[in-house]
Amino acid sequence: MPFEPVLMRHANVPNSTSIEVYQRAGGYAGAAKALKMTPDELVELVKKANLRGRGGAGFPAGMKWSFLPKDRTVTYLCVNADESEPPTFCNRITIETDPHMLLEGILIAGYATRTTVAYIYMRGEFTEQFHILQRAVDEAYAAGYFGRNILGSGYDLECYIHRGAGAYVCGEETGLIESLEGKRGWPRIKPPFPAVEGAFRKPTVVNNVETLACLPHILTRGLDWWLSVGTENSKGPKMYCVSGPVNRPGCYEAPLGVSVRELIYGDDFARGMRGGKKVKAVFPGGLSMGVIRGDLFPKNPSGAIDPKADYDELDCRLDFDDVRHYDLLGLGTAALVVIDEDTDIRDVLVNVARFYSHESCGQCTQCREGTAWMYKIAQRMRAGAGRVYDLDLLQEVTQNMGMMPGLSICGLPDGAAWPIRTLVYKFRREFEAHIARQAPDAVMSYARRINPAAYELPVLHGRAVIDEGGTFQTPVDLMSKRVTLGPAREVVAVVD
């Protein structure tokens, strides 16, 4: 049976943002059905559907809802519409073309979790999208889908839009909550988790836009339909973004489990590379999930998956399981960044490192300092002053930051480390080839050029350096020593 898009069914429908068009297509029927169930029955339905979060982590939505305390009197629902992962834009497409699908999902999730107030935390750069969604919220209130006694059920739900200020870290749920409360967008130490103590110190559920947009279709089309779409542990449809030098970049809907190769070359998707070029690399889940090799590399004759070997990895299936076989952090947002054969891999490294260095909130030392130093190393390598040792140093830094080794409050440093780590080891030969073509004195020439004061000014006290023939120089304590300077004011002799 051919796949029928549901999340993007209104993408090309005129006036699709209006409630009239949405209701003509059966909109809000899922919410009406949900309101006839008990909240516990609704939670169990979503658990059976194994609806996993579409925002990056892939955590089951029904299980997240079940963590809420049973004796709670107030519950908040925060909708993560911050969408700051490069180059993800599927939530923006949903808001632009079908905002009522999101609002219906909010109503269903709100009823299931006994939420009294829902906040849509929207990315600050979404200017036009804010006005589209606000009009939709106003229409939903006027039609009785928000407010008091919704559809005569006795259930009350208020819904507000809160605009962020453009911080990537506010995509993390506790950073989002801090920003929502009017504070600096710094992630909180966990526990307590938001389900116990979230917005305004009350039990809170945080769900992604696309996750909530799936709920109406589970209610209206049924559990059997939902479980028939996708792979064994990754059920339902997914919106995939494709960016880069492809013939038809854009956002496409397909079942979970579609391959990277099909998204790039399929007639229903990106339709191949511009100019017939080869693919060097792909970030298949947004930047933070890591990178895979493209068809510039040969296929493994044995057909085995070996991320340590230089083989084509485009047959990676984008679901919550297969991506891990390719040493990716996860599915992420399923937003592809395609890189062609002519792109210098050092440029890719600089762009990735620059983004995370800029977006680190600075709360954790290893993230603040680690991302900044990785960016500096990447800049020097791009300027033609790299060392083979830098590749090992980058690998070491990436292994000593993040939540996975237990060193940070949130997952941003994990997302910063993974793409750099995979870039370095999967494309190490290219990095080493660039380093081999450098001038012998490239590193020291670069260091003197960017920081001449450290090398050219006379040093009479304190610490100076003596050239011992290495790539960098060795510090020597000169406090009680007699120093002889050469014509260029360099240290030529040190006498005790």
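The values are calculated or read from the model by the stated rules, or taken from the named source; none is laboratory data. Note that this is a predicted model, so its numbers are computed, not measured. Note that we place each Cβ from the backbone using ideal geometry, even for glycine, and neighbour counts take in every protein chain shown.
Residue count for segment 23-41 satisfying the condition of being under 17 Å from LEU103 (Cβ atoms) and either without any contact (Cβ under 8 Å) to a residue 60 or more places away in the chain or assigned to a helix (DSSP H, G or I) (or both): 9. Scanning segment 222-273 for residues that are polar (S, T, N, Q) and in contact with a helix residue (DSSP H, G or I) (Cβ under 7 Å, 6 or more places away or on another chain) returns a single hit, ASN247. Assessment of segment 364-375 against the conditions (in contact (Cβ under 8 Å) with a residue 60 or more places away in the chain, among the basic types (Lys, Arg), touching a Gly at 6+ places or on another chain (Cβ under 7 Å) and not in a loop (DSSP other than H, G, I, E, B)) yields no matching residue.
Here is a yes/no grid of residues against (1) among the charged types (D, E, K, R); (2) in contact with a helix residue (DSSP H, G or I) (Cβ under 7 Å, 6 or more places away or on another chain):
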| position | (1), (2) |
| --- | --- |
| TYR326 | no, no |
| LEU336 | no, yes |
| ASP340 | yes, no |
| ARG346 | yes, yes |
| TYR356 | no, yes |
| SER360 | no, yes |
| TYR375 | no, yes |
| ALA378 | no, yes |
| ALA385 | no, yes |
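Condition first: assigned to a strand (DSSP E or B) and acidic (Asp, Glu). Now tell me which residues in segment 312-361 satisfy that. Residue satisfying the conditions is ASP340 alone. Hey, can you tell me all the residues within segment 54-103 that are without any contact (Cβ under 8 Å) to a residue 24 or more places away in the chain and of a type outside the set (D, E, K, R)? Correct list: PHE59, PRO60, GLY62, MET63, SER66, THR73. Just checking, does segment 381-396 include any residue being at positive phi, crowded, with 16+ Cβ neighbours inside 10 Å and of a type in the set (Gly, Ala, Ser)? Scanning segment 381-396 turns up at least one residue that is at positive phi, crowded, with 16+ Cβ neighbours inside 10 Å and of a type in the set (Gly, Ala, Ser). Whenever a residue of segment 435-456 is farther than 14 Å from MET381 by Cβ, its partners that are of a type in the set (Lys, Arg) and at pLDDT below 85, lying with C-beta atoms within less than 7 angstrom and at least six residues away or across chains, give the pairs TYR455/ARG448; GLU456/ARG489.
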